[in-house]
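**Q** Once you've had a glance at the structure underneath, I'll fire off some questions.
The values are calculated or read from the model by the stated rules, or taken from the named source; none is laboratory data. A quick note: this is a predicted structure, and the numbers were derived from the prediction, not measured. No Cβ is skipped: glycine too gets one built from the backbone with ideal geometry, and neighbour counts run over all protein chains shown.
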Amino acid sequence: MSLDPELTDRLKRVLAALEPLLPPPARPIDWTSCHAASFRRGPLAGALEPVAGAETTHLDDLLGIEAQKAALEENTRQFLAGLPANHALLWGTRGTGKSSLVRALLHAYAGQGLRLVQVDKEDLAGLPAIVAGLKAQPFRFVVFADDLSFETGDASYKVLKSALDGSVYALPDNVLLYVTSNRRHLIPEYESDNRGAMMVNGEIHHGEAAEEKMSLSGRFGLWVAFHPFSQELYVDVVRRWAQKLAAAAGVAAPWTAEAAAEAILWSQRKGDRSGRIAYQFACAWVGRTGLERRPG
């Protein structure tokens, strides 16, 4: 049966008008040369896009978190060796190196087949399709969700929970989940969460619902906690960063008690003591010292 020529012509015009609105076809990623990708949603579907510069951080650059580095590195090495390994939740204070640690592992182990796929919280619904496309690859993938948290009433956590449980779909053996969050349980906790028999927002046993959400963090076999630095550790990290940056810049900047006192004042003004704050002060101090000692 042939179509009406007029109808065929109209369909061609409609398709021609729609074509500029469609996203370009996604190119398959060559994981041999591409070490990291991120998932990006499109008007109709999403696709993985290569990410350049994802592995610029070295493990040696992460100061003051030696125990955390050792724990996650050991887990990653087990994974790369094809041995049992755990999904990991990195939680704690901002600026302490959670995200940097995951990226530093990529730098250290990309040569051994490690690859990184970053997924935003808003794109977790695409997780089954993402991991399905990784299953046949001869590499080991860490699917990385950075700065993840779920607000009250947010049901998107169920996709992640299903992936960890394997109740609806099981993650392939070559995929591991690493998640960072400022919250230990990934959700806000309230006093009312403990009032199991109190009606909150129309739900009689709200505490049970909160417990069900909090159980998400329990699905991660490895918890790695990042806490604020003590003042002593903070000053030591600043000193080590200052020495590294000064040596790299060729600046003569011997560490002094006055510099340590200035570093403490910097952290007090920032209201935080972390690796990020330590690095920021070291940059400012070495840069200023270099200018002061430059001839002319």
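**Q** Would you pick out the residues in the stretch 79-116 that are hydrophobic (A, V, I, L, M, F, W, C), assigned to a strand (DSSP E or B) and farther than 20 Å from LEU216 by Cβ?
**A** LEU114, LEU116
**Q** Now, a different point. Scanning for something in a loop (DSSP other than H, G, I, E, B), at pLDDT below 90 and assigned by TED's automatic domain parsing to the domain that holds ASP61, does the stretch 205-212 turn up at least one residue?
**A** Yes, the stretch 205-212 contains at least one residue that is in a loop (DSSP other than H, G, I, E, B), at pLDDT below 90 and assigned by TED's automatic domain parsing to the domain that holds ASP61.
**Q** A further question on this structure: Surrounded by 20 or more Cβ atoms within 10 Å (Cβ to Cβ), touching a residue at least 12 places away in the same chain (Cβ under 8 Å), within 13 Å of the chain's Cα centre (by Cα) and part of a strand (DSSP E or B) - does that describe any residue in the stretch 117-138?
**A** Yes: one or more hits.
**Q** Of the residues THR152, THR57, which single one is part of a loop (DSSP other than H, G, I, E, B), at pLDDT below 85 and under 18 Å from the mean Cα position of the chain (by Cα)?
**A** Just a single option satisfies the conditions, and that option is THR57.
**Q** Pick from the stretch 44-92 the residues that are buried (at least 18 other Cβ atoms within 10 Å of the Cβ) and among the β-branched types (Val, Ile, Thr): which of them is nearest to ARG273 (Cα to Cα)?
**A** ILE65
**Q** Among the numbered criteria (1) surrounded by 14 or more Cβ atoms within 10 Å (Cβ to Cβ); (2) modelled with pLDDT under 95, which single criterion is violated by GLY271?
**A** Failed condition: (1).
**Q** Condition first: in contact with a strand residue (DSSP E or B) (Cβ under 9 Å, 6 or more places away or on another chain) and among the small types (Gly, Ala, Ser). Now tell me which residues in the stretch 96-124 satisfy that.
**A** GLY97, SER99, ALA108, ALA110, GLY113, listed by residue number.
**Q** Separate question: Quick one: GLU262 ticks every box in (1) modelled with pLDDT of 95 or more; (2) closer than 30 Å to ASN86 by Cα; (3) not aliphatic (A, V, I, L, M) except a single one, so which number is it?
**A** All conditions are met except number (2).
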